[in-house]
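Notes follow the structure.
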Amino acid sequence: MNTPHPLFDLIGKRALVTGSSQGIGLALAQALANSGAHVIINGRDAAKCERVAKEFAARGEAVSVRAFDVTDAAAVLENVEGIERDIGPIDILVNNTGIQIRNAFTDFPLADFQRLMDTNVTSAFIVSQAVVRHMVSRGRGKIINVCSVNSELGRANIVPYVTTKGALKMMTKSMCVELAKYGIQVNGLGPGYFDTELTQALVQDAAFTTWLKQRTPAGRWGNVDELKGAIIFLAAPASDFVNGHILYVDGGMTAGV
């Protein structure tokens, strides 16, 4: 690994990335590891996390695994304390865990709405709170909440999902207001539409893809590798005076109507 520029150097830092065994979370974890961070892979499937970690280790990257459910407050506290004790201080937290459920608003089950809120919003609150208690005492830290273009834009049949991403945007801003005085930067990363395991149904839907290409100035789906520069920036010294900001990586979708 080449030595990164000092503004983007994460060597010696530890980064917990939730939901990082696949998709966007995996790409973000890879980016942080490429810049020198010791990455803690998280997900509920321990075997899957271990397989991913072996790939990191094979490249000579520093990696650990902590498989736990980020919606379980007791499990979160136990594992955060374990990371702090056994691996070292968590310098960077990426709240990436999220799910999507599609249904017409009139038919959307309340149980599914609550599941979306628990996974996409409550988990970020629980994990951030556990990690921030340590960051405050150290007087430093980086928190990146993975938001979405749907933090700004509504769309039919995903009203609860859009609600969660709007809430996460405002959580990011309010955390900044409260925590900046402790040397903690809290920002959001707002992906547009990316080709991942979770979006395959939409990628393969010709009508949706046609709409997407027309709606996005760049005229295409995003590639998860195109998120890597943004996450490194938000996690590195380069963003030390950037706080409460949502960085949209969306091919221009939020720029126009």
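The values are calculated or read from the model by the stated rules, or taken from the named source; none is laboratory data. Small disclaimer: the values here were computed from a predicted structure and weren't measured. Cβ placement follows ideal geometry from the backbone for every residue including glycine, while neighbour counts extend to all protein chains displayed. Surface areas here come from the heavy atoms of the whole protein model, side chains and all, with no ligands, DNA or RNA. Shrake-Rupley method; radii C 1.70, N 1.55, O 1.52, S 1.80 Å.
Structure values in brief
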quantity: P(r), alpha carbons of the range 112-257 - 5 Å bins starting at zero, rounded %; calculated: 2, 9, 17, 21, 20, 15, 9, 5, 2, 1, 0
quantity: The chain: angle of helix 46-58 to the longest principal axis, Cα-based, in degrees nearest 10; calculated: 60
quantity: In nm, spacing of pseudo-spin labels at THR3 and PHE125 (7 Å Cα→C-beta vector); calculated: 4.5
quantity: Members of LYS142/LYS165; LYS142/LYS213; LYS48/LYS142 lying beyond 30 Å, as alpha-carbon distances in this model show; calculated: LYS142/LYS213
quantity: Using alpha-carbon coordinates, inclination of helix 23-34 to the longest axis of the chain, degrees; calculated: 30
quantity: Reach of LYS54 by Cα under 25 Å, taken over lysines that are not fewer than 8 positions away in the same chain; calculated: LYS13, LYS228
quantity: Among 121-131, 197-207, 220-230, 34-44, the order from most to least packed when residues are scored by Cβ within 10 Å on average; calculated: 34-44, 121-131, 220-230, 197-207
quantity: nm² value of the averaged projected area, convex hull over the Cα atoms of the range 117-188; calculated: 4.4
quantity: Nearest 10 degrees, 0 to 90: helix 73-86 Cα axis against the chain principal axis; calculated: 40
quantity: Inter-centroid distance (Cα atoms) of the range 201-224 relative to the range 159-188, Å; calculated: 28
quantity: Accessible carbon and sulfur surface of the range 114-179 relative to its total accessible area, %, 1.4 Å; calculated: 56
quantity: Structure-based [θ]222 nm, the chain - -39500 (n - 2.57) summed over DSSP H runs of at least 4, per residue, nearest 500; calculated: -12500 deg cm²/dmol
quantity: Full-stretch length increase - ASP86, MET170 - with 0.36 nm per residue and alpha-carbon distance subtracted; calculated: 27.0 nm
quantity: Theoretical gain in end-to-end length, VAL257 to ALA180 [0.36 nm per residue, Cα-Cα removed]; calculated: 24.4 nm
quantity: Contour minus Cα-Cα distance for ALA57 and ASP205 (0.36 nm per residue); calculated: 49.6 nm
